[in-house]
Amino acid sequence: MSGADRGPDTSRPDTSRKAQSKSEPERRCILSGEHAPRTALIRLALGPDGQILPDIRAKAPGRGAWIGVDRPTLEAAMAKGKLKGALARAFKTGEAKIPDDLPQMIEDALQRNALDRLGLEARASTITTGSERIDEAGRKGQLHLLFHAADAATDGNRKLDQAWRVGLEEEGSGRQGLVLSVPRPILSVALGRENVVHIGVIDARAATRVAAAIDRWHGFIGFAPTGWPCETPSQGSGPRGAFSSSNEGFGSV
């Protein structure tokens with residue numbers, strides 16, 4: 001049966017905001033006023049000393065506020081005093097101290113969270129690495145997500161993308177893996193493996209977990225990947241998290 005004749009592909013994880021909202025509580029972005037699942041947003045915690053700090057895993061005690069804008073929009077909100085005002089309304093205090101490097105702190109924390117998730121999945125054997133193993137898994141239809149290091153060779157990416165499409169009977173669809181914003185040395189350290197250039201996720205639940213972490217990270221930094229998680233940008237069917245550019249959706253301030 002051809003890819004065009006098949007029904008919806010339930011083997012691929014649905015990581016869209018709509019799917020997330022079915023099972024997760026939503027929170028309101030204090031800058032845009034929009035709502036989204038809490039796992040798609042970033043919690044800002046108010047410390048005992050009045051310092052505002054990113055709480056990426058949303059586990060810090062005390063009061064918190066949520067944002068769902070990308071880094072450029074956050075920086076603009078800080079420069080115009082809009083973040084300070086929004087936090088004052090959220091915490092009902094004007095004493096909140098916003099670090100000048102808050103955007104970088106958030107970016108670093110999101111990257112660490114995403115790489116930690118990849119490391120956990122590597123230890124759980126829900127992902128595979130190595131071109132030959134990924135090629136085999138792709139052609140067997142076992143891949144749920146595919147990632148490439150930022151410094152991976154284009155030819156290597158293309159070969160594995162093709163193997164993935166073959167396994168899904170979607171040749172010609174333009175489906176391709178996501179090029180991450182970090183190079184192979186960083187991925188190798190995160191996964192505890194040597195020379196990690198490509199990553200294939202072979203478990204559906206793991207794919208949902210990984211997609212959520214990477215979507216939030218890449219969404220915040222405004223990284224423009226090659227197809228997230230599986231389509232070309234022109235097709236516009238890859239899931240978008242709460243983050244978007246400064247002139248649409250959660251990016252509005």
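Computed from the coordinates by the stated procedures, all read-outs in this text should not be read as laboratory data. Nothing here was measured: the structure is a model prediction, and the numbers come from that model. Backbone-built Cβ (ideal geometry, glycine too); neighbour counts: all protein chains shown.
Of note:
- With the highest mean first, a sort of the peptides 102-112, 63-73, 144-154 on other beta-carbon atoms found within 10 angstrom per residue produces 63-73, 144-154, 102-112.
- Under 5 Å, built H, 5+ apart or other chain: amide partners of Leu178: Leu146, Phe147, His148
- Distance between the C-alpha centres of segment 107-132 and segment 36-64: 23 Å, rounded to the whole angstrom.
- Applying the Karplus relation 6.51 cos²θ - 1.76 cosθ + 1.60 with θ = phi - 60° to segment 198-207 yields 3J(HN,Hα) values of 10, 9, x, 8, 10, 10, 5, 5, 4, 4 Hz, where x marks Gly and Pro.
- Put a plus charge on the Cβ of each Lys and Arg, a minus charge on the Cβ of each Asp and Glu, and nothing anywhere else: the dipole of segment 90-148 about its Cα centre is then about 300 debye.
- Summed side-chain charge close to Asn195 - residues other than Asn195 whose Cβ falls under 12 Å, Lys, Arg +1, Asp, Glu -1: 0
- Cut-off under 5 Å, modelled amide H: who pairs with Gly222 long-range: Arg71
- Backbone amide hydrogens, once placed in the peptide plane, bring Ser32 within less than 5 Å of Gly68, excluding anything fewer than 5 places away on its chain.
- Scalar couplings 3J(HN,Hα) for segment 112-119, obtained by applying the Karplus form with A = 6.51, B = -1.76, C = 1.60 to θ = phi - 60°, are 4, 5, 5, 5, 4, 4, 4, x Hz; x denotes Gly and Pro.
- Pairwise Lys count, segment 17-100 - Cα closer than 15 Å, eight or more residues apart or different chains: 4
- Derived scalar couplings between HN and Hα for segment 95-110 equal 9, 5, 9, 9, x, 4, 9, 4, x, 5, 4, 5, 4, 4, 5, 5 Hz in order, rounded to whole Hz, by the Karplus curve 6.51 cos²θ - 1.76 cosθ + 1.60 (θ = phi - 60°), x for Gly and Pro.
- Protection proxy ranking of 180-191, 200-211, by the mean of other Cβ atoms within 10 Å over each peptide's residues and highest first, is 200-211, 180-191.
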